[in-house]
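Undergrad: Below you'll find the structure I mean.
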Amino acid sequence: MCQLNVVMEREGCQETLMEGVTGLEVTELGIILRTYFEEPMTVGQASIKSIDFLGGAVVLAPDGDEENNKDK
């Protein structure tokens, strides 16, 4: 099974939002995170910065974050 940890990166610091994530969906309302045993979490005003499949991690960054948007 492939379960991921999702973290939010702000100003170089990472905060764990949810562990054991089994599903991730990008919607107009935000990024919806799902696990087997917890209620889904919607993270608004964020974008996916990186995904490490081997390390099992997804890094999100707040929209409007200059570091995240400098290449856009």
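Taken together, the values in this text are just the output of simple stated rules run on the coordinates, not laboratory data. This structure is a prediction, so every number in the text was calculated from the model and none was measured. All Cβ positions, even for glycine, are placed from backbone atoms using ideal geometry, and neighbour counts span all protein chains on display.
Undergrad: Could you work out the helix-only [θ] at 222 nm for the chain, with each DSSP H run of four or more residues adding -39,500 (n - 2.57) and the total divided by the number of residues, to the nearest 500 deg cm²/dmol?
TA: Helix-only estimate at 222 nm: -1000 deg cm²/dmol.
Undergrad: Can I ask one more? Pick out, from 60, 16, 33, the residue whose Cα sits farthest towards the positive end of the charge dipole of region 4-67, with +1 on the Cβ of Lys and Arg and -1 on the Cβ of Asp and Glu.
TA: Final value for the positive-end residue is 33.
Undergrad: Also: For the chain, count all C-alpha to C-alpha pairs, find those more than 14 Å apart, and express that count as a whole percent of the total.
TA: Tail of the P(r) past 14 Å holds 58 percent of the pairs.
Undergrad: Enumerate the amide H contacts of residue 46 below 5 Å, restricted to partners 5 or more residues apart or on another chain; note that Pro and chain-start residues carry no placed amide H.
TA: Distant-sequence amide H within range of residue 46: 31, 63.
Undergrad: When the chain is fully extended, how far beyond the present Cα-Cα distance does residue 53 get from residue 27, taking 0.36 nm per residue of separation?
TA: Residue separation times 0.36 nm, minus the Cα-Cα distance, leaves 7.2 nm.
Undergrad: Which order do the peptides 34-44, 16-26 come out in when sorted by mean C-beta neighbours inside 10 angstrom, highest first? All intermediate terms of the calculation are to be shown ahead of the outcome.
TA: Details: 34-44: 12.1, 16-26: 14.6.
The most tightly packed comes first, giving 16-26, 34-44.
Undergrad: Continuing with this model, one more query. Determine, for each peptide in 48-56, 3-11, the mean count of other beta carbons within 10 angstrom over its residues, then list the peptides with the highest first. Let's see the in-between values first.
TA: Numbers: 48-56: 11.4, 3-11: 16.6.
Order by mean packing, descending: 3-11, 48-56.
Undergrad: Name the long-range amide H neighbours of residue 18: under 5 Å, sequence gap of 5 or more, or other chain; modelled H, no Pro or chain starts.
TA: Distant-sequence amide H within range of residue 18: 6.
Undergrad: At 7 Å along Cα-to-Cβ for each site, give me the label-to-label distance between residue 36 and residue 3 in nm.
TA: Modelled inter-label distance: 0.6 nm.
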